[in-house]
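The values are calculated or read from the model by the stated rules, or taken from the named source; none is laboratory data. Just so it is clear, the model here is predicted, and its values are computed rather than measured. Reconstructed Cβ throughout: ideal geometry from the backbone, glycine too, with neighbour counts over all protein chains shown. Side chains are part of the model used for accessible areas, which takes the heavy atoms of the whole protein and leaves out ligands, DNA and RNA. Shrake-Rupley method; radii C 1.70, N 1.55, O 1.52, S 1.80 Å.
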Amino acid sequence: MRLSLKTKFTLATSLLVLAVVTVVSSLYLGRLMRQTLRQANDTASFVAQQVYGACGDALKDAAERGESPASLKPADLRRYVRHAFDSSSTLNSLIESDVGISPTIYEITITDADGSVLVSSDASLRDLKVARRPPLSSLVRAGFFQQMRLLYGPPQTYEFSLPFQLGPEPFGDIRVGLSSALLRDQISPGLVSAGYWALGSVLLSTLLALLVSTIALAPIGRISAQLDRISAGQFDAEPVVERGDELGAVSTKIVGIGKQLRDVREIFSTLRENLDQVMGGLEDGLLLFNGQGRAVLVSPSTERFLGGRSDELRGRRVSDIFPPTHPLRAVLQIESDQIEPAEGKEVTLDGGDGPQRIGVSVQVIRERGTRMGTLVTLRDVESLERIGSQLQVSERLAALGRVTAGVAHEVKNPLNSMRLWLEVLKANMPVEPEPQQAVKMLDSEIDRLDRAVKTFLNFTRPVELNLEETDLRVLLEEIMDAARPSIAQASLELRADLPSDCPPVLVDRQLIHQAVLNLLLNASEFTDPGGRITLSLRRSGEFAEIAVEDSGRGIPAADQKKIFQLFFTTRPGGSGIGLANTFRFVQLHNGGIEFESETGRGTTFRVKLPLARFVDAPAGRSGSLDRPIAAEKR
């Protein structure tokens, strides 16, 4: 009789499980058997020692009462000992309690050297001569199968014997009898339990093997039908088994043989693994379609534009990824899963964070005039503009640094001379109010100009970084403590979302402390009483991201490109230095700063700092605005 593959698989699995269960159950039962017998042997030894001590106490009590044997003849000694034992309530109570408590002890008997019973838990044995029984040690030392045969054979009693002396000569034995039936009762529950577990395991494994074999081998029937259709000249356009295992590969190869066409998907699948790492770092979304309009390569960044995961989009057709209602379909000019070439097109998509401007380009890949595939590139236009704006800010700050450094040094010396001569002039001026007022005004203006020059010099002076591995959660809690009085004075609520699992960063604690504190205080200045400020921390790839979000008035669109410029401020009495310094400090750490703001709804600043294990910078690195540093801005 020929057995099917499913039957063979089920039988093989069941037999394997049965063998394993049998071995494990045998080991378990052997251990249970040894443990039970050793425990019974230890119990018998302990009871014998107890009875031995009680016998000694009984003889002592008899001696204290003035009792003694009539002579040293064995018969007189035997009567004396039996009388002492019979008179000891402690000994008799101990024997009765030990027999009643222990589940395996059948009887306890004290005999003389001839085997005559002096005291026994079985009253019918008194004064009888009993033969020795098989020693319990022989059962303990026997093998597993021998133990099973003895315990589950005819009932018999095994004996643990402890000899004792009366004077220099051996007098008798304390015998503890253990019944094989009682020992069997101790072992049987474990044996029954093991049997049930073994039976249940075999039945369960058989059912699981049947289920697994049915599921695993089901595609073979579909593949067989596919081969039958190929034999009849009917070629399937799609594999009948959509799986990633060997059966799926066989089905795919059968489709390729049936169509007798070179599948572009096979070409690009060999390159996909090598390109995944490169594509993982791309900001642009890339979708590569084969000649039949099926996606064979999708970059991870595509998720930002289309919403679906790259592994979910891979393998789908153009019409599935861009349905008729999709905004990109009209731009891509899709006809029968084919996309027409395009360059420099732009479309606006509605995302979770608001409208998103997307640049679209399409390149058709041809080989010898045959269309082999299509490459669709999706680009975030706003990000490109933001990067260009950031470069312009860096260049302006660098130019400002070079100019202010020279101008400040040239102005500083004349200011010092003017102050000296002003002091001389004040000493020689008449005391009339008008001349004195003019000198005082001149002195005040010189002080203001001197402060401006010092600000220029401090801003352009290179900063020595004292880098140290820092737990941002702890640092942000310190910053919150520093900012809390000002925020409370402004009648604002300060919230925090600081998880403890963010990896450490390598930063200058003082500079980052000042940068984040500037953001918090700036938020408190532009948020009306009753509003809130939220400080949060999270990991973003190889960076730690600090976010300061407020529910304030927001930043007008006209000011958003100026906020990091030195001395730019919209707050009366503001210096215009705080955000410029924040931008500078973040740049010095090879980090980035960006912001989102909507008038009347608030502003969110995000500061990104590289994680410590991705930083390779020596401590004490200095930075200056004499050269532009590409960074993100608020």
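Structural remarks
- Nitroxide proxy distance, nm - points 7 Å out along Cα→Cβ at E312 and A142: 6.8 nm
- Heavy-atom accessible area order for R473, R329, largest first, 1.4 Å probe: R473, R329
- Cα gyration tensor shape of segment 471-596, rounded if a/c is under 1.5, else prolate or oblate by comparing a/b with b/c: oblate
- Rg to Rh, two decimals, where segment 322-363 supplies the alpha carbon set and Rh follows Kirkwood: 0.99
- Note on E64/R34: beta-carbon distance plugged into 1/(1 + (r/R0)^6) with R0 of 60 Å gives a FRET efficiency of 0.85.
- Efficiency of FRET from Cβ geometry, S491 and T370, R₀ 60 Å, rounded to 0.05: 0.25
- For E423, the solvent-accessible surface computed with a 1.4 Å probe is close to 90 Å², ligands and nucleic acids excluded.
- DSSP bridge analysis restricted to segment 81-217 gives an antiparallel fraction near 95%, rounded to the nearest 5.
- Once all protein chains are placed together, Y158 keeps about 10 Å² accessible to a 1.4 angstrom probe.
- Each residue of segment 369-374 was assigned a 3J(HN,Hα) from its phi angle through the Karplus curve 6.51 cos²θ - 1.76 cosθ + 1.60 (θ = phi - 60°); the sequence is x, 9, 6, 9, x, 9 Hz, with glycine and proline shown as x.
- Checked against a 29 Å cut-off, the cross-linked pairs K440/K562; K345/K561; K561/K608 give Cα-Cα distances beyond that limit for K440/K562.
- Per-residue HN-Hα couplings for segment 599-609 [Karplus 6.51, -1.76, 1.60; θ = phi - 60°; Hz; x = Gly/Pro]: 4, x, 10, x, 9, 10, 9, 10, 10, 10, 10
- Residues of segment 282-324 falling in the label zone of A330, defined by backbone nitrogen less than 17 Å from a point 7 Å along Cα to beta-carbon, are 322-324.
- Packing, taken as the mean count of other beta carbons within 10 Å per residue, orders the peptides 206-214, 493-501 from highest to lowest as 206-214, 493-501.
- Potential lengthening between D114 and I446 on full extension [0.36 nm per residue; Cα-Cα distance subtracted]: 106.7 nm
- Applying 0.36 nm per residue to the separation of Q436 and A75 and subtracting their alpha-carbon distance, the gain on full extension is 115.8 nm.
- The calculated FRET efficiency for R222 paired with S319, based on their beta-carbon distance and R0 = 35 Å, is about 0.90.
- Extension gain, Q510-S361: 0.36 nm per intervening residue step, less the Cα-Cα distance, totals 49.1 nm.
- Scoring 294-307, 593-606, 358-371 by mean Cβ neighbours within 10 Å over their residues and listing the highest first yields 294-307, 593-606, 358-371.
- Here the Karplus relation 6.51 cos²θ - 1.76 cosθ + 1.60, evaluated at θ = phi - 60°, turns the backbone of segment 341-347 into coupling constants of x, 7, 8, x, 7, 9, 9 Hz, with x for every Gly and Pro.
- For S120, residues with placed amide H under 5 Å, excluding near neighbours: I110
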